[in-house]
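Here is the structure we will look at, set down as C-alpha cells.
The values are calculated or read from the model by the stated rules, or taken from the named source; none is laboratory data. Note that the coordinates shown come from a computational prediction; the quantities given were computed from them, not determined experimentally. Here Cβ is always computed from backbone atoms with ideal geometry, including for glycine, and neighbour counts include all displayed protein chains. Surface accessibility is based on the protein's heavy atoms, side chains included, excluding ligands, DNA and RNA. Shrake-Rupley method; radii C 1.70, N 1.55, O 1.52, S 1.80 Å.
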Amino acid sequence: MMRVRIGDNVSLGPPAYGPESTSGESNAIADRVTVIGERRLLIREIEVQSPSSVNVMFDRLEALARDWDRFSYVVDLTEAKRPGPETRAALKERVLRVSPRVAHVAIVVGNNLLMRAMARLFAHGMGLVSVSIHTTRVEAIEEVGGGMER
C-alpha cells in the first residue's frame, strides 16, 4: 500500500493507529483537522481509522472549536476505508458530543456510491440534522460556508 506523507517526517499508511502510536503519528493524525474559515473545520480522514485515531482527531476538532458556540465541518472520506464496529462506536460517541454545537456537516465521498449511502445512514443514525454528501472537497467547503446561516 502507498504511504501518505504528512507533516515533517511522519507518514501515515494502512495500519490502524492505537494508543501505542508515537507522538509523531498522533500529531500527524491531529494535523489532518484544520480550520478552513470562520467557524469552519476540515477533517481529512486517514485510510484505516481506529478508536484512537478518532479520539485524536476529535480532540483536535474540539480544541480548535472551543471558543465557537456553533460551527460547521467538512469530513473528507475519500481516502478512508469502512471503519470497524469499535471505530464506529467511538465515532458516534465523539460526534454526539459535539453535535449540539454543529450547524452543518458536509461529507466528501468522491464517486463511491457505497460510501455515499453509508455516510448518509451513519450521519442520520447519529441524529445529525443538517448533513450534505459531496463528490469533491471544493463542493463540501462551499456548502459549509453557507451552512452557518442554517
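Laid out as a table, the results:
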quantity: Close pairs (7 angstrom Cβ cut-off, 6 or more residues apart or separate chains): farther than 18 Å from ILE107 by Cα in the stretch 27-41, at pLDDT below 95 and open to solvent by 50 Å² or more (accessible area, probe 1.4 Å) anywhere; calculated: ASN27/GLY7; ALA28/GLY7; ASP31/GLY7
quantity: Within the stretch 29-63, tally of residues that are touching a Phe, Trp or Tyr at 6+ places or on another chain (Cβ under 9 Å) and assigned to a helix (DSSP H, G or I); calculated: 5
quantity: Those helices (runs of 4 or more DSSP H) lying entirely in the stretch 84-150 with at least 2 residues farther than 21 Å from THR34 by Cβ; calculated: 85-98, 113-125
quantity: The stretch 111-139, residues that are at pLDDT 90 or above and more than 21 Å from ARG94 (Cα to Cα); calculated: ASN111, HIS134, THR135, THR136, ARG137, VAL138, GLU139
quantity: Evaluation of THR136 against (1) of a type in the set (Ser, Thr, Tyr); (2) open to solvent by less than 40 Å² (accessible area, probe 1.4 Å); (3) farther than 29 Å from GLU20 by Cα (one fails), failing number; calculated: (2)
quantity: Every residue from the stretch 1-49 that is modelled with pLDDT of 85 or more, of a type in the set (A, V, I, L, M, F, W, C) and open to solvent by 30 Å² or more (accessible area, probe 1.4 Å); calculated: VAL35, ILE36, VAL48
